[in-house]
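Read the figures in this text as sums done on the coordinates, not as results from a lab. The structure displayed is predicted, hence computed values, not measured ones. Cβ: placed from backbone, ideal geometry, glycine included. Neighbour counts: every protein chain shown.
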Amino acid sequence: MTAAFGGATAASAHDSLVSSSPADGDTVEALSEVRLDFSANLLGTDGGNIVIVVGPDGRHYESACAELAGPTLTLPVALGAPGEYSVEWRAVSSDGHPVSGVIPFTSTGASTSDGTEGSVCESAAGAAEASTASPPSAETGSLPGIVIGLLAGGAVLVLVAVLIVVIVRTRPRED
Ligand SMILES: [Cu+2]
């Protein structure tokens, strides 16, 4: 894609979200599954397509990983207390570019879950992201797996540096 084609063409090359359940701003009484329909088949890269549901308490209410079938992502959910929720999704467009979005909705139904602190898919997705080495993009959301990897790498470097200093200092001088 060259600059001469302009932003509109580049943008239309991405798959876009055509419809979703719940839709933006919906109020639901009961919800067992989130469904996202895109304009074309998404790439089925491991860990590339991520959907989470975050509740009013900041906890996660997805009960499994998102499943991809052609242009459709589905995510089983069990919601907690009534309030404002949001579906946060990131997908790999058929042209290989990441696309993402947030769909706010309201739940009025009774609580069916206590939620979880992190995504039930988080560790698997983080590992896949770290090994996929996809190009960084402004559209990409946070990359916890890569961040954790960088932090761990930094900690190892610091540890090695400390060990070298300790060894050099404690070694008897040779005359
Ligand atoms: Cu694109």
Full-extension gain in nm, residue 169 to residue 24, via 0.36 nm per residue minus C-alpha separation: 45.9 nm
Check residue 78: other-chain or 5+ apart residues with amide H under 5 Å from its amide H, H built from backbone geometry? 63
Once both labels are modelled 7 Å past Cα along the beta-carbon direction, what's the residue 159-residue 94 spacing in nm? 4.7
Provide the per-residue ³J(HN,Hα) series for region 94-111, in order, calculated from phi with Karplus coefficients 6.51, -1.76, 1.60 and θ = phi - 60°, each as a whole number of Hz, with x at glycine and proline positions. 4, 8, x, 8, x, 10, 8, x, 10, 10, x, 8, 10, 10, 10, x, 5, 5
